[in-house]
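Peer 1: First the structure, then my questions, so here it is.
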Amino acid sequence: MMQTIGLYVHIPFCRAKCAYCDFNSYAGREALYTSYLAALRQETILVQGLLAEGEGARAAADRAPFPRAATLYVGGGTPTALPASDLAALVVEAREAFSLSDDAEVTVEANPGTVDRGGLRALLGSGVNRLSLGVQSFDDRLLRLLGRIHTAREARTAANDARQAGFENLSLDLMLGLPRQTMESWQESVWRALELGPGHLSLYALAVEEGTPLAARIEAGHLPPPDDDLAADMYEWAEDTLARAGYVHYEISNWALPGHACRHNLTYWRNEPYLGLGAGAHSWWNGRRWANHPAPEAYVASLQAGRPPEAEGEAIDRRLELGETMMMGLRLLEEGVSFARFQRRFGVPMDDVYAAETADLVERGLLERTTDRVRLTRRGHLLGNQVFVRFLGSDPAP
Ligand code: SF4
């Protein structure tokens with residue numbers, strides 16, 4: 001069977017830094033755009049060499065063909081901070097370099113303050129078929145508090161422009177648990193999002209990250225800290241509302257209409273191989289996991305000197321890969337871990353490896369076993385650590 005990978009490209013640039021953000025993103029680096037794009041091309045060549053090397057060894061063993069990328073995800077930062085023609089060219093080059101099939105999922109993250117109809121049409125023309133818009137809220141008061149560069153009206157316009165440009169597959173991000181966010185404001189945001197008819201919604205609870213301007217304002221007493229109970233109520237209300245609207249809650253923070261789950265992110269959550277290009281990007285392939293230099297300057301300098309931009313890496317043995325696949329599938333995904341997928345991936349039935357663990361966890365009411373998969377029970381969700389330690393701490397058969 002042909003092995004496929006998920007391909008991620010990181011664009012670490014933003015127009016302005018949001019007050020809550022501790023992602024690997026930088027404002028005011030426009031002068032670096034050209035050399036960064038050149039560095040991405042260099043890294044593409046290095047990674048192609050790596051794949052060919054790995055596949056040489058694999059081909060000798062089982063004659064598996066060269067892996068293709070089944071998904072491409074351009075994230076950030078703000079990919080749409082780049083000039084639209086550069087971003088479109090990057091997508092075309094990545095699709096060619098990694099033999100993306102015509103039905104591959106190709107996502108670009110966009111900030112509503114950085115898109116217009118012409119740019120959106122250029123993205124569609126380059127093969128992008130999924131747009132992920134960081135809306136965060138339809139409450140202008142909260143958007144200002146978060147330091148977003150767009151208004152609610154601009155977010156709506158961006159979504160409508162994307163539709164008019166021809167994007168059928170639209171994902172919207174919203175945030176809950178914000179200081180001064182009321183239940184009414186949250187409900188209004190979810191309703192406004194649903195009016196735009198997205199196939200996919202990501203709802204994230206705010207995490208106040210140390211060192212951010214938002215954390216400083218909360219510490220100084222200028223803003224109230226997030227109210228965890230209210231955030232939990234918001235989450236539960238959204239769960240009910242989205243279920244009634246036909247959305248499937250397939251991952252902790254993600255909902256999709258049938259057929260619209262994000263295939264790229266499922267690659268991560270199923271612990272399947274992926275390659276990341278760009279500053280701070282992570283890769284997991286061929287028994288190794290590694291991360292690139294986070295700072296774009298260091299990333300560019302490394303590639304300009306002809307060196308791989310890897311900052312750190314570790315070997316992942318089979319035992320850890322098996323355990324992590326179980327842990328991630330159970331912790332994150334509503335679908336849990338499928339017996340068929342496990343056997344396809346590892347070449348052995350799950351019961352040959354984890355029969356004792358699953359039987360015990362089912363007995364204790366933490367795991368549910370159906371004809372085709374295992375997944376956490378409600379109690380298992382609450383006591384997840386007791387489940388995960390059984391898979392990460394056990395010593396499976398080879
Ligand atoms: S747009 Fe996204 S990545 Fe950029 S600063 Fe804001 S939250 Fe961070």
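The values are calculated or read from the model by the stated rules, or taken from the named source; none is laboratory data. Treat the numbers as computed from the prediction; the structure is a model and nothing was measured. Positions of Cβ are generated from backbone atoms using ideal geometry, with glycine treated the same way; all protein chains shown enter the neighbour counts.
Peer 1: Is it the case, given these coordinates, that GLY134 is outside any strand (DSSP E or B) and either touching a Ser or Thr at 6+ places or on another chain (Cβ under 8 Å) or not hydrophobic (A, V, I, L, M, F, W, C) (or both)?
Peer 2: So GLY134 does not fit the description; no.
Peer 1: If PRO258 satisfies all but one of (1) under 19 Å from ALA205 (Cα atoms); (2) surrounded by fewer than 15 Cβ atoms within 10 Å (Cβ to Cβ), what's the number of the condition it fails?
Peer 2: (1)
A quick yes/no check of all residues on (1) modelled with pLDDT of 95 or more; (2) closer than 26 Å to LEU275 by Cβ; (3) over 27 Å from the mean Cα position of the chain (by Cα); (4) among the aromatic types (Phe, Trp, Tyr):
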{"site": "ALA291", "(1), (2), (3), (4)": "yes, yes, no, no"}
{"site": "ARG318", "(1), (2), (3), (4)": "no, yes, no, no"}
{"site": "LEU333", "(1), (2), (3), (4)": "no, yes, no, no"}
{"site": "LEU382", "(1), (2), (3), (4)": "no, no, no, no"}
{"site": "ASP395", "(1), (2), (3), (4)": "no, no, yes, no"}
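Peer 1: On the given criteria, is GLU109 assigned by TED's automatic domain parsing to the domain that holds GLY259, in contact with a helix residue (DSSP H, G or I) (Cβ under 7 Å, 6 or more places away or on another chain) and in contact (Cβ under 8 Å) with a residue 24 or more places away in the chain?
Peer 2: yes
Peer 1: If I filter region 128-145 down to residues being within 23 Å of ALA27 (Cα to Cα) and under 21 Å from the mean Cα position of the chain (by Cα), which single residue comes out as farthest from the ligand (Cβ to nearest atom)?
Peer 2: Among them, the one singled out is LEU131.
Peer 1: Could you go through region 114-122 and let me know if any residue there is in contact with a Gly (Cβ under 9 Å, 6 or more places away or on another chain), touching a residue at least 24 places away in the same chain (Cβ under 8 Å) and more than 11 Å from the ligand (Cβ to nearest atom).
Peer 2: Of region 114-122, the ones in contact with a Gly (Cβ under 9 Å, 6 or more places away or on another chain) are 120-121.
Filter once more, keeping what is touching a residue at least 24 places away in the same chain (Cβ under 8 Å): 120-121.
Filter once more, so that each one left must be more than 11 Å from the ligand (Cβ to nearest atom): 120-121.
Yes - at least one qualifying residue is present in region 114-122.
Peer 1: Here's another thing I want to ask about it. Got at least one residue in region 258-274 being touching a His at 6+ places or on another chain (Cβ under 7 Å) and part of a strand (DSSP E or B)?
Peer 2: The answer is no; no qualifying residue exists.
Peer 1: Moving on. For region 99-119, give me the residue count where each residue is assigned to a helix (DSSP H, G or I) and not hydroxyl-bearing (Ser, Thr, Tyr).
Peer 2: Initial filter on region 99-119 (assigned to a helix (DSSP H, G or I)): 112-114, 117-119.
Applying the additional criterion that residues be not hydroxyl-bearing (Ser, Thr, Tyr) yields 112-113, 117-119.
The total comes to 5.
Peer 1: Tell me which residues, restricted to region 295-310, are surrounded by fewer than 19 Cβ atoms within 10 Å (Cβ to Cβ) and not small (Gly, Ala, Ser). Spell out how you get there, then give the answer.
Peer 2: Step one: list which residues in region 295-310 are surrounded by fewer than 19 Cβ atoms within 10 Å (Cβ to Cβ), which gives 295, 297-298, 301, 304-308, 310.
Across region 295-310, the qualifying residues are GLU297, GLN304, ARG307, PRO308, GLU310.
Peer 1: Hey, can you tell me all the residues within region 62-98 that are modelled with pLDDT under 90 and either part of a helix (DSSP H, G or I) or of a type outside the set (A, V, I, L, M, F, W, C) (or both)?
Peer 2: ASP62, ARG63, PRO65, PRO67, ARG68
Peer 1: Just the residues that are in contact with a His (Cβ under 6 Å, 6 or more places away or on another chain) and farther than 18 Å from ASN111 by Cβ, please, taken from region 156-185. Walk me through it before giving the result.
Peer 2: Taking region 156-185 as the starting set, the residues that turn out to be in contact with a His (Cβ under 6 Å, 6 or more places away or on another chain) are 171.
Listed by number, the list is empty, since nothing qualifies.
Peer 1: I've got another one for you. What number of residues in region 84-142 are of a type in the set (Val, Ile, Thr), touching a Phe, Trp or Tyr at 6+ places or on another chain (Cβ under 9 Å) and over 25 Å from SER35 (Cα atoms)? If you could, list the steps in order and put the result at the bottom.
Peer 2: Filtering region 84-142 for residues of a type in the set (Val, Ile, Thr) gives 91-92, 106-108, 114-115, 128, 135.
Then drop every residue that is not touching a Phe, Trp or Tyr at 6+ places or on another chain (Cβ under 9 Å), which leaves 106-108, 128.
Among the residues that remain, those that are also over 25 Å from SER35 (Cα atoms) are: none.
Total meeting the criteria: 0.
Peer 1: Taking the condition in a strand (DSSP E or B) and away from the ligand (no atom under 16 Å from the Cβ), does LEU201 pass? Walk me through how you get there before you give the answer.
Peer 2: Working: in a strand (DSSP E or B): yes; away from the ligand (no atom under 16 Å from the Cβ): yes.
When the stated conditions are applied, LEU201 passes them.
Peer 1: Would you be able to tell me the number of residues in region 146-169 that are over 16 Å from LEU194 (Cβ atoms), surrounded by fewer than 18 Cβ atoms within 10 Å (Cβ to Cβ) and away from the ligand (no atom under 14 Å from the Cβ)?
Peer 2: Summing the residues that are over 16 Å from LEU194 (Cβ atoms), surrounded by fewer than 18 Cβ atoms within 10 Å (Cβ to Cβ) and away from the ligand (no atom under 14 Å from the Cβ) in region 146-169 gives 6.
Peer 1: Could you figure out which of (1) part of a loop (DSSP other than H, G, I, E, B); (2) farther than 21 Å from ALA27 by Cα; (3) of a type outside the set (Val, Ile, Thr) isn't true of ALA279?
Peer 2: (2)
Peer 1: Name the single residue that is surrounded by the most Cβ atoms within 10 Å (Cβ to Cβ) among those in region 1-37 being more than 16 Å from the ligand (Cβ to nearest atom) and free of Cβ contacts under 8 Å to residues at least 60 places away in the same chain.
Peer 2: My answer is LEU37.
Peer 1: Right, here's the next one. Considering only residues that are within 21 Å of TYR8 (Cβ to Cβ) and surrounded by 15 or more Cβ atoms within 10 Å (Cβ to Cβ), which ones fall in region 311-326?
Peer 2: ALA311, ILE316, GLU321, GLU324, THR325
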